[in-house]
Amino acid sequence: MDSAPGITNTFIHKGIISEIKGRSIIVSLEEDVHCESCRAKSVCGASQSSSKEIEITDPEGSFRLNEPVEVHLRKDLGHKALFWAYIFPFILLLLTLLTTSMFYAEWLAGLLSILVLIPYYLLLYAGKDYFRKTFKISILRI
(Lines give C-alpha, C1' and ligand atoms only; values in the text may rest on other atoms or scores of the structure.)
Protein backbone atom coordinates (compact mmCIF):
# COMPACT_ATOMS: atom_id res chain seq x y z
CA MET A 1 0.00 0.00 0.00
CA ASP A 2 1.30 3.36 -0.91
CA SER A 3 0.65 6.65 0.72
CA ALA A 4 0.44 9.61 -1.64
CA PRO A 5 2.74 12.56 -0.98
CA GLY A 6 0.99 15.08 1.25
CA ILE A 7 -1.73 12.59 2.17
CA THR A 8 -0.39 10.81 5.24
CA ASN A 9 -3.74 9.54 6.51
CA THR A 10 -4.70 7.62 3.36
CA PHE A 11 -3.94 4.17 1.99
CA ILE A 12 -3.91 3.99 -1.79
CA HIS A 13 -4.57 0.80 -3.76
CA LYS A 14 -4.28 0.59 -7.54
CA GLY A 15 -6.86 -1.42 -9.41
CA ILE A 16 -9.06 -1.83 -12.45
CA ILE A 17 -12.82 -1.36 -12.64
CA SER A 18 -14.20 -4.86 -13.18
CA GLU A 19 -17.94 -4.20 -12.89
CA ILE A 20 -20.36 -1.28 -12.91
CA LYS A 21 -23.86 -1.86 -11.56
CA GLY A 22 -26.24 0.97 -10.83
CA ARG A 23 -24.66 3.46 -8.45
CA SER A 24 -21.80 1.19 -7.38
CA ILE A 25 -18.49 0.18 -8.91
CA ILE A 26 -16.52 -3.00 -8.25
CA VAL A 27 -12.75 -2.46 -8.38
CA SER A 28 -10.40 -5.44 -8.71
CA LEU A 29 -7.22 -4.56 -6.88
CA GLU A 30 -3.87 -5.36 -8.41
CA GLU A 31 -2.14 -8.49 -7.16
CA ASP A 32 0.75 -6.46 -5.74
CA VAL A 33 -1.26 -4.77 -2.98
CA HIS A 34 1.55 -5.06 -0.37
CA CYS A 35 -0.85 -6.38 2.24
CA GLU A 36 1.80 -8.61 3.79
CA SER A 37 3.84 -5.66 5.03
CA CYS A 38 0.94 -3.39 5.95
CA ARG A 39 0.26 -2.67 9.62
CA ALA A 40 -3.46 -2.09 9.00
CA LYS A 41 -4.14 -5.31 7.10
CA SER A 42 -6.22 -6.74 9.93
CA VAL A 43 -8.79 -3.93 9.70
CA CYS A 44 -8.60 -3.15 5.99
CA GLY A 45 -10.60 -6.03 4.54
CA ALA A 46 -8.66 -6.05 1.29
CA SER A 47 -6.05 -8.42 2.69
CA GLN A 48 -8.60 -11.06 3.73
CA SER A 49 -10.38 -11.25 0.40
CA SER A 50 -9.07 -13.83 -2.03
CA SER A 51 -10.35 -11.96 -5.09
CA LYS A 52 -9.22 -8.54 -3.77
CA GLU A 53 -12.31 -6.67 -4.88
CA ILE A 54 -13.80 -3.56 -3.27
CA GLU A 55 -17.25 -2.08 -3.89
CA ILE A 56 -17.45 1.70 -4.05
CA THR A 57 -20.94 3.16 -3.76
CA ASP A 58 -21.90 6.54 -5.23
CA PRO A 59 -18.54 7.35 -6.84
CA GLU A 60 -17.89 10.93 -7.88
CA GLY A 61 -17.52 11.17 -11.65
CA SER A 62 -18.14 8.70 -14.43
CA PHE A 63 -16.00 5.64 -14.97
CA ARG A 64 -15.65 3.00 -17.67
CA LEU A 65 -15.16 -0.73 -17.48
CA ASN A 66 -11.47 -1.84 -17.33
CA GLU A 67 -10.33 1.70 -16.47
CA PRO A 68 -7.27 1.92 -14.16
CA VAL A 69 -8.08 3.70 -10.90
CA GLU A 70 -6.75 4.36 -7.42
CA VAL A 71 -8.82 3.46 -4.37
CA HIS A 72 -8.27 5.74 -1.37
CA LEU A 73 -8.97 4.43 2.16
CA ARG A 74 -8.71 6.73 5.19
CA LYS A 75 -6.54 5.25 7.94
CA ASP A 76 -8.58 6.65 10.83
CA LEU A 77 -11.65 4.67 9.78
CA GLY A 78 -9.88 1.44 10.70
CA HIS A 79 -10.23 2.20 14.40
CA LYS A 80 -13.94 2.92 14.03
CA ALA A 81 -14.47 -0.32 12.12
CA LEU A 82 -12.50 -2.25 14.73
CA PHE A 83 -14.57 -0.75 17.54
CA TRP A 84 -18.01 -1.45 16.01
CA ALA A 85 -17.15 -4.93 14.69
CA TYR A 86 -15.12 -6.38 17.56
CA ILE A 87 -14.55 -4.25 20.66
CA PHE A 88 -18.10 -3.03 21.39
CA PRO A 89 -19.70 -6.48 20.90
CA PHE A 90 -17.06 -7.98 23.23
CA ILE A 91 -17.78 -5.35 25.90
CA LEU A 92 -21.52 -5.90 25.46
CA LEU A 93 -21.09 -9.66 25.79
CA LEU A 94 -18.87 -9.35 28.86
CA LEU A 95 -21.13 -6.85 30.65
CA THR A 96 -24.19 -8.98 29.95
CA LEU A 97 -22.40 -12.07 31.24
CA LEU A 98 -21.27 -10.36 34.44
CA THR A 99 -24.65 -8.75 35.10
CA THR A 100 -26.81 -11.80 34.40
CA SER A 101 -24.50 -14.16 36.31
CA MET A 102 -25.49 -12.34 39.52
CA PHE A 103 -29.17 -13.15 38.98
CA TYR A 104 -29.32 -16.37 36.94
CA ALA A 105 -27.61 -19.73 36.70
CA GLU A 106 -24.26 -19.81 34.93
CA TRP A 107 -25.53 -21.60 31.81
CA LEU A 108 -28.43 -19.16 31.43
CA ALA A 109 -26.15 -16.15 31.92
CA GLY A 110 -23.84 -17.49 29.20
CA LEU A 111 -26.74 -18.11 26.84
CA LEU A 112 -28.20 -14.64 27.42
CA SER A 113 -24.82 -12.98 26.88
CA ILE A 114 -24.51 -14.70 23.51
CA LEU A 115 -28.12 -13.99 22.55
CA VAL A 116 -27.69 -10.27 23.25
CA LEU A 117 -25.40 -10.13 20.19
CA ILE A 118 -28.30 -11.00 17.86
CA PRO A 119 -30.11 -7.67 18.33
CA TYR A 120 -26.77 -5.87 18.24
CA TYR A 121 -25.84 -7.25 14.83
CA LEU A 122 -29.40 -6.68 13.60
CA LEU A 123 -29.02 -3.02 14.61
CA LEU A 124 -25.72 -2.87 12.76
CA TYR A 125 -27.41 -4.32 9.69
CA ALA A 126 -30.27 -1.82 9.99
CA GLY A 127 -27.73 1.00 10.14
CA LYS A 128 -25.76 -0.17 7.12
CA ASP A 129 -26.60 3.00 5.17
CA TYR A 130 -25.12 5.09 7.96
CA PHE A 131 -21.96 2.97 7.97
CA ARG A 132 -21.67 3.20 4.18
CA LYS A 133 -21.68 6.98 4.48
CA THR A 134 -19.24 6.94 7.41
CA PHE A 135 -16.82 4.46 5.83
CA LYS A 136 -16.63 6.23 2.49
CA ILE A 137 -14.10 4.87 0.01
CA SER A 138 -13.06 7.27 -2.71
CA ILE A 139 -11.86 6.44 -6.19
CA LEU A 140 -9.68 8.45 -8.60
CA ARG A 141 -8.55 7.93 -12.17
CA ILE A 142 -4.85 7.24 -12.71
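Being at pLDDT 95 or above and of a type in the set (Val, Ile, Thr) is a description that does not apply to Ile137.
When restricted to residues that are closer than 30 Å to Ile139 by Cβ and either of a type in the set (A, V, I, L, M, F, W, C) or open to solvent by 50 Å² or more (accessible area, probe 1.4 Å) (or both), the range 70-107 contains 16. Filtering the range 11-60 to residues that are of a type in the set (S, T, N, Q), under 17 Å from Ala81 (Cα atoms) and at pLDDT 85 or above leaves nothing. In the condition set (1) at pLDDT 95 or above; (2) surrounded by 11 or more Cβ atoms within 10 Å (Cβ to Cβ); (3) under 22 Å from Ile56 (Cα atoms), Ala126 is compliant with all but (2). Whenever a residue of the range 125-142 is in contact (Cβ under 8 Å) with a residue 24 or more places away in the chain and within 18 Å of Leu29 (Cβ to Cβ), its partners that are open to solvent by 60 Å² or more (accessible area, probe 1.4 Å) and assigned to a helix (DSSP H, G or I), lying with C-beta atoms within less than 9 angstrom and at least six residues away or across chains, give the pairs Phe135/Lys80.
The values are calculated or read from the model by the stated rules, or taken from the named source; none is laboratory data. Just so it is clear, the structure is predicted and the values come from calculations on it, not from any experiment. Positions of Cβ are backbone-derived with ideal geometry, glycine not excepted, and every protein chain shown enters the neighbour counts. Just the protein is used for accessible areas: all its heavy atoms, side chains included, with ligands, DNA and RNA removed. Shrake-Rupley method; radii C 1.70, N 1.55, O 1.52, S 1.80 Å.
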